[in-house]
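**Student:** Have a look at the structure that comes next, please.
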Amino acid sequence: MRPVGFLDVIKVGVLGAYGKLGSAIVSGLEQSDRVEVVARIGSADPLQALVDVGAEVVVDVTDPDAVMGNLEFCIRHGIHTVVGTTGFDDDRLATLRGWLDDAPEIGVLVAPNFSIGAILMMRFAAQAAAFFESVEIVELHHPTKADAPSGTARRTAELVAAARRDAGLGPVPDATTTQLDGARGAVVDGIHVHGLRIRGLVAHQEVVLGAPGETLTIRHDSLDRTGFVPGVLAGVEAVGSNPGLTVGLENFLDL
Ligand SMILES: NC(=O)C1=CN([C@@H]2O[C@H](COP(=O)(O)OP(=O)(O)OC[C@H]3O[C@@H](n4cnc5c(N)ncnc54)[C@H](OP(=O)(O)O)[C@@H]3O)[C@@H](O)[C@H]2O)C=CC1
Ligand SMILES: O=C(O)C1=N[C@H](C(=O)O)C[C@H](O)C1
């Protein structure tokens, strides 16, 4: 298979093209002369249309229940895929790696967040984590979101937990002995994650760190879904020349 990118205009199919993120991505990609949107697929449309129009890269922004079936189809049909859909855990990533072992020339990017600001927020949180005894994550989203905690919050927790391990930090301090279910949030890799669903919001996250005598709060706000488009474009341009599974758009950025 020929790698896509560089001189060619990349033929892109968008799965979930009529959703909130998908429609912003279609509009954004249509402004670029580096890609051509050749397929806009909604939940009622056959995936075979991607093959019929020769899509080289697919962007999946559908639903946690739909994404694995879509990925299996794309990998089996030799289509590189940029995945914005969330709800990924270790089991799903292991399944994906298994499929890719049988298609070593195909690239899949799983990007919990396409926004450059959110990627930097995660990076800064991981950098700060080594210096603070306490850390918790609060993610705030629109109330039509299907999954909790958000993919971004999960990923941040994993990055923070890894940084704490590297720094030799133990568990975060917490004297709670009695609680209502959920009162202390979900726990991802030892890090407490709290989710709010509020009408009017888009996507927001705070990482709150604390040490004796000081706290540090790192906050990112997505105010409009146009903020995700440059990251999607960067993923589309890079995925074809990066076979195998990549988790996190930061791997394709010169940060
Ligand atoms: N990585 C990132 O930066 C971001 C990721 N996201 C993630 O993207 C996903 C979509 O979010 P959002 O746009 O807000 O959600 P929406 O519900 O607005 O859109 C999802 C769309 O996917 C469609 N869909 C569902 N199943 C399929 C399928 N099998 N094939 C094709 N289309 C399908 C739905 O169609 P129908 O309504 O007919 O079911 C709907 O139009 C979520 O997982 C979200 O977490 C969101 C923002 C940023
Ligand atoms: O559903 C959303 O809206 C978003 N989903 C992603 C996530 O789960 O992290 C990215 C961003 O937070 C918006």
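**Student:** With (1) assigned to a strand (DSSP E or B); (2) open to solvent by 20 Å² or more (accessible area, probe 1.4 Å); (3) under 24 Å from A234 (Cβ atoms) as the list, and E139 as the residue in question, which single condition is left unmet?
**Tutor:** Just one mismatch for E139, condition (2).
**Student:** Then there's this: A49 - would you say it is hydrophobic (A, V, I, L, M, F, W, C), surrounded by fewer than 19 Cβ atoms within 10 Å (Cβ to Cβ) and within 16 Å of ligand 2 (Cβ to nearest atom)?
**Tutor:** Numbers: hydrophobic (A, V, I, L, M, F, W, C): yes; surrounded by fewer than 19 Cβ atoms within 10 Å (Cβ to Cβ): yes; within 16 Å of ligand 2 (Cβ to nearest atom): no.
The answer is no for A49.
**Student:** Checking V232 against (1) among the aliphatic types (A, V, I, L, M); (2) open to solvent by 20 Å² or more (accessible area, probe 1.4 Å); (3) touching a residue at least 60 places away in the same chain (Cβ under 8 Å), which test does it fail?
**Tutor:** Unmet condition: (2).
**Student:** Something else: Just to be sure before I move on: is S134 of a type in the set (S, T, N, Q) and open to solvent by less than 20 Å² (accessible area, probe 1.4 Å) in the structure I sent?
**Tutor:** no
**Student:** If you check G190, G195, G182, which single one turns out to be within 16 Å of ligand 1 (Cβ to nearest atom) and not assigned by the TED database to the domain that holds D89? If you could, list the steps in order and put the result at the bottom.
**Tutor:** Working: G190 fails: within 16 Å of ligand 1 (Cβ to nearest atom); G182 fails: within 16 Å of ligand 1 (Cβ to nearest atom).
Exactly one of G190, G195, G182 is within 16 Å of ligand 1 (Cβ to nearest atom) and not assigned by the TED database to the domain that holds D89, namely G195.
**Student:** With the range 23-102 as the region, which helices (runs of 4 or more DSSP H) entirely inside it contain at least 2 residues that are under 20 Å from the mean Cα position of the chain (by Cα) and near ligand 1 (Cβ under 10 Å from one of its atoms)? Don't jump to the end; show me each part of the working.
**Tutor:** Numbers: elements: 48-52, 67-76, 90-101.
Output list reads 67-76.
**Student:** Looking at M121, is it of a type outside the set (D, E), free of Cβ contacts under 8 Å to residues at least 60 places away in the same chain and within 15 Å of ligand 1 (Cβ to nearest atom)? Spell out the reasoning first.
**Tutor:** On the way: of a type outside the set (D, E): yes; free of Cβ contacts under 8 Å to residues at least 60 places away in the same chain: no; within 15 Å of ligand 1 (Cβ to nearest atom): yes.
Judged against the criteria, M121 is not a match.
**Student:** So, in the range 189-203, how many residues would count as being farther than 19 Å from A128 by Cα and either part of a strand (DSSP E or B) or of a type in the set (A, V, I, L, M) (or both)?
**Tutor:** First, pick out the residues of the range 189-203 that are farther than 19 Å from A128 by Cα: 194-203.
From what's left, either part of a strand (DSSP E or B) or of a type in the set (A, V, I, L, M) (or both): 194-198, 201-203.
Adding up the residues that qualify gives 8.
The values are calculated or read from the model by the stated rules, or taken from the named source; none is laboratory data. Predicted, not measured: the structure shown is a model, and the values here were computed from it. Backbone-built Cβ (ideal geometry, glycine too); neighbour counts: all protein chains shown. What goes into the accessible areas is simple: the full protein's heavy atoms, side chains included, and nothing from ligands, DNA or RNA. Shrake-Rupley method; radii C 1.70, N 1.55, O 1.52, S 1.80 Å.
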